[in-house]
Amino acid sequence: MPARKACDRVFVGGTSRSGTNAVAHLLGRSARFHLIPREVGFHAVPEGLVGYLRGRFDREELIERLRRRWWRVVPGAAGFEGVVTREELAAALDDFAKAPDDRLEASRALVQALLDPAAAAAGKPSWVEKSTQTVVGAPVLLEMFPHAGVVHVVRDGRDVACSIARMPWGPDSVPEAIEYWAKRLRRAEEAARQLPPGRILVIHLEDFVLLDRERTYERLLDYLGIEDEPAMRSLFEAELTPERAHLGRWRAELAPAEREQATALYSEVLRRLRDEGVTCAPPDREVEPSYGATGDEAVNPLDPWWQVSAGRG
């Protein structure tokens, strides 16, 4: 039997390119959680529900933002498109506009109106949603949904930086991307400190795909209050592997001088994070496998940026 009552929904987050998509896809294979196919984001950022619930702007301004800015944030990767139709979005926002003047209850109802139908259509009782900002927005999300789970996926900052530097957004160099990674961990830690200990589950990707696979998998199931299932186990064994995760890609993809620079900076950044009490930061360790992203590898169904990351974009 599960160690605790099952979470009624799950938010997966973490710095971009940290393995959040893989973890969300894994949970979407369960009988309980339907995977929301896009990163909707509006619920977890200061420009969306977080700002509204903190009183930074009124309901009318939020509605205008959601109508104009959140349909297609990143084509094929983030936004309402692919999750709801324009008509469904308009209907949900109309109901939100008419809701009683209770910001928390109105916001909860809006999230449910937009995401619950997707789970119902899939024949599942609830859903898992992946947006990078959900960990930072966790205090607000857990006000709305006290029985939800929040999973924070953390990856070696050098691997994150190598991947981000290839993307058409974010920092262009590995050193800048390492600092970007550290900044995101600091923000996640600030959010975690507003919550009871253990309320957010931190998973280090290196443990999940190589170093401590079974125990990390069991920690995830226990935290969410669910059992292992064949569909989940199949994806875990086939897709959550060192090769598919591009574990140690920084060693395979950087020239010797760049590797030396990245390692020195990374060690310094980790020291700073430890001194600041950032508990979600990974240990300063070297993982032996080194799998770079190449243009001839098979399609990665868990990565919406696969073509760019593998040098095809």
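The values are calculated or read from the model by the stated rules, or taken from the named source; none is laboratory data. Nothing here was measured: the structure is a model prediction, and the numbers come from that model. A quick note on method: Cβ atoms are made from the backbone with ideal geometry, for glycine too, and the neighbour counts reach across all protein chains shown. All accessible areas refer to the heavy atoms of the entire protein, side chains included, with ligands and DNA or RNA removed. Shrake-Rupley method; radii C 1.70, N 1.55, O 1.52, S 1.80 Å.
Exactly one of these conditions fails for Val45: (1) modelled with pLDDT of 95 or more; (2) among the hydrophobic types (A, V, I, L, M, F, W, C); (3) closer than 17 Å to Ala77 by Cβ. Give me its number.
(1)
Hey, does the stretch 270-279 have a residue that's in contact with a Leu (Cβ under 7 Å, 6 or more places away or on another chain), within 29 Å of Ala31 (Cα to Cα) and in a loop (DSSP other than H, G, I, E, B)?
No, there is no match, as no residue in the stretch 270-279 is in contact with a Leu (Cβ under 7 Å, 6 or more places away or on another chain), within 29 Å of Ala31 (Cα to Cα) and in a loop (DSSP other than H, G, I, E, B).
Keeping to the stretch 227-243, report how many residues are part of a loop (DSSP other than H, G, I, E, B), open to solvent by 40 Å² or more (accessible area, probe 1.4 Å) and in contact (Cβ under 8 Å) with a residue 60 or more places away in the chain.
Of all residues in the stretch 227-243, those part of a loop (DSSP other than H, G, I, E, B) come to 227-229, 240-243.
Right, trim to open to solvent by 40 Å² or more (accessible area, probe 1.4 Å) and you get 227-229, 243.
Next cut, in contact (Cβ under 8 Å) with a residue 60 or more places away in the chain only: 227, 229.
Total meeting the criteria: 2.
Going by what's in this entry, would Ser18 be described as touching a strand residue (DSSP E or B) at 6+ places or on another chain (Cβ under 9 Å), touching a residue at least 12 places away in the same chain (Cβ under 8 Å) and within 19 Å of Arg184 (Cα to Cα)? Give the derivation first.
Working: touching a strand residue (DSSP E or B) at 6+ places or on another chain (Cβ under 9 Å): yes; touching a residue at least 12 places away in the same chain (Cβ under 8 Å): yes; within 19 Å of Arg184 (Cα to Cα): yes.
For Ser18, the condition - touching a strand residue (DSSP E or B) at 6+ places or on another chain (Cβ under 9 Å), touching a residue at least 12 places away in the same chain (Cβ under 8 Å) and within 19 Å of Arg184 (Cα to Cα) - is met.
Inside the stretch 155-194, can you point out the residues that are of a type in the set (Ser, Thr, Tyr) and out of contact with any Ser or Thr (no Cβ under 9 Å at 6 or more places or on another chain)? Steps first, answer last, please.
First pass over the stretch 155-194, keeping only residues of a type in the set (Ser, Thr, Tyr): 163, 173, 180.
Residue satisfying the conditions is Ser173 alone.
Being aliphatic (A, V, I, L, M), in contact with a helix residue (DSSP H, G or I) (Cβ under 7 Å, 6 or more places away or on another chain) and within 26 Å of Pro171 (Cβ to Cβ) is the filter; apply it to the stretch 193-226 and report the residue that is least open to solvent (accessible area, probe 1.4 Å). Let's see the steps before the verdict.
So the first thing to find is which residues in the stretch 193-226 are aliphatic (A, V, I, L, M), and the list is 195, 200-203, 205, 209-211, 220-221, 224, 226.
After this cut, where a residue has to be in contact with a helix residue (DSSP H, G or I) (Cβ under 7 Å, 6 or more places away or on another chain) as well, the list is 195, 200-201, 203.
Now narrow it down to the ones that are within 26 Å of Pro171 (Cβ to Cβ): 200, 203.
Numbers: Ile200: 26, Ile203: 1 Å².
Per the criteria, the residue is Ile203.
Any idea which residue in the stretch 218-254 is nearest to Val160 (Cα to Cα), counting only those that are in contact with a Gly (Cβ under 7 Å, 6 or more places away or on another chain) and of a type in the set (A, V, I, L, M)? Reasoning before the result, please.
Taking the stretch 218-254 as the starting set, the residues that turn out to be in contact with a Gly (Cβ under 7 Å, 6 or more places away or on another chain) are 223-224, 245-246, 249, 252-253.
Next cut, of a type in the set (A, V, I, L, M) only: 224, 245, 252.
Details: Leu224: 26, Ala245: 11, Ala252: 13 Å.
Residue satisfying both the conditions and the ranking: Ala245.
Please find, within the stretch 254-278, the residue that is most open to solvent (accessible area, probe 1.4 Å) out of those that are of a type in the set (D, E, K, R) and over 21 Å from Val153 (Cβ atoms).
As a first pass, look at the stretch 254-278 and keep what is of a type in the set (D, E, K, R): 258-260, 268, 271-272, 274-276.
This time we only want the ones that are over 21 Å from Val153 (Cβ atoms), so: 258-260, 268, 271-272, 275.
Working: Glu258: 88, Arg259: 74, Glu260: 137, Glu268: 67, Arg271: 98, Arg272: 65, Asp275: 112 Å².
Applying the filter and picking the extreme gives Glu260.
Scan the stretch 138-160 and report the pairs whose first residue is among the basic types (Lys, Arg) and whose second residue is in a helix (DSSP H, G or I), with Cβ atoms within less than 7 Å and a gap of 6+ or a chain change.
From the stretch 138-160, the pairs are Arg155/Leu205; Arg158/Ile178; Arg158/Trp250; Arg158/Ala262; Arg158/Tyr266.
Scan the stretch 114-133 for residues that are closer than 17 Å to Met144 by Cβ, open to solvent by less than 50 Å² (accessible area, probe 1.4 Å) and not in a strand (DSSP E or B) and report the count.
5
Collect the residues in the stretch 143-181 that are assigned to a loop (DSSP other than H, G, I, E, B), open to solvent by 10 Å² or more (accessible area, probe 1.4 Å) and modelled with pLDDT of 95 or more, keeping them in residue-number order.
Pro146, His147, Arg155, Asp156
Can you name every residue in the stretch 186-226 that is small (Gly, Ala, Ser), over 19 Å from Thr20 (Cβ atoms) and in contact (Cβ under 8 Å) with a residue 40 or more places away in the chain? Full working, then the answer.
Here is the first cut: in the stretch 186-226, the residues small (Gly, Ala, Ser) are 188, 191-192, 198, 225.
Narrowing further to those that are over 19 Å from Thr20 (Cβ atoms): 198, 225.
If the condition is that a residue be small (Gly, Ala, Ser), over 19 Å from Thr20 (Cβ atoms) and in contact (Cβ under 8 Å) with a residue 40 or more places away in the chain, then Gly225 is the only one that fits.
So which pairs qualify, if the first residue must be in the stretch 65-77 and in contact (Cβ under 8 Å) with a residue 12 or more places away in the chain, the second must be open to solvent by 40 Å² or more (accessible area, probe 1.4 Å), the Cβ gap must be under 6 Å, and the two must be at least 6 apart or on different chains?
Matching pairs, first to second residue: Trp71/Glu81; Ala77/Pro304.
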